[in-house]
Amino acid sequence: MTLVKFNNGQKNYGVNPFFNDVFDTILNDTFLGDKLVSRVPAVNIAETENEFQIELAAPGLKKEDFKINLDKNVLSVSTEKKAENVEEGKKFSKREYNYTSFVRSFTLPETVDHSKIDAEYADGILKLIVAKREEAKFQTREIAVK
């Protein structure tokens, strides 16, 4: 039995191999790929007896940069930050603009108290505390055997 290797590790380029090479390098370029990827902060959600805790990792921002909205049962966290590096008195052939924005939405369960939602931002972590209604809290009691 003989093994035959068909493409020797090469891609099937069809008509014009140069054309496909150009697109492979452009689309797989890490510099360009990093710019095109939408950046949404990682989130941790925990539930305790009295509340839900939502933590978003959003370093490099200030507490004034965040907008937190509640629309019915949807809690939305968004930010928009623009920065521009410009030096006066120089003639530039390139300027770099920095624009950061994201929106992260969470559907809240029926058990939350919409009037008791708090937020704090420290060390790059936005922490949202969503309190539960009294009737939704876990109630523990001992049941006597008859």
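The values are calculated or read from the model by the stated rules, or taken from the named source; none is laboratory data. What you are looking at is a predicted structure, and each value in this text was computed from that prediction instead of being measured. In this analysis, Cβ positions are derived from the backbone assuming ideal geometry, glycine residues included, and neighbour counts consider all displayed protein chains.
Annotations
- Only one of F92, F52, F106, F66 that is over 16 Å from the mean Cα position of the chain (by Cα) and modelled with pLDDT of 90 or more: F52
- Of all residues in the range 28-38, exactly one satisfies the criterion of being surrounded by 10 or more Cβ atoms within 10 Å (Cβ to Cβ) and at pLDDT 50 or above, namely D29.
- The requirement of being within 22 Å of the chain's Cα centre (by Cα), part of a loop (DSSP other than H, G, I, E, B) and either surrounded by 10 or more Cβ atoms within 10 Å (Cβ to Cβ) or modelled with pLDDT under 90 (or both) is not satisfied by S78.
- Sole exception among (1) within 16 Å of A46 (Cβ to Cβ); (2) modelled with pLDDT under 90; (3) surrounded by 10 or more Cβ atoms within 10 Å (Cβ to Cβ) for T100, by number: (1)
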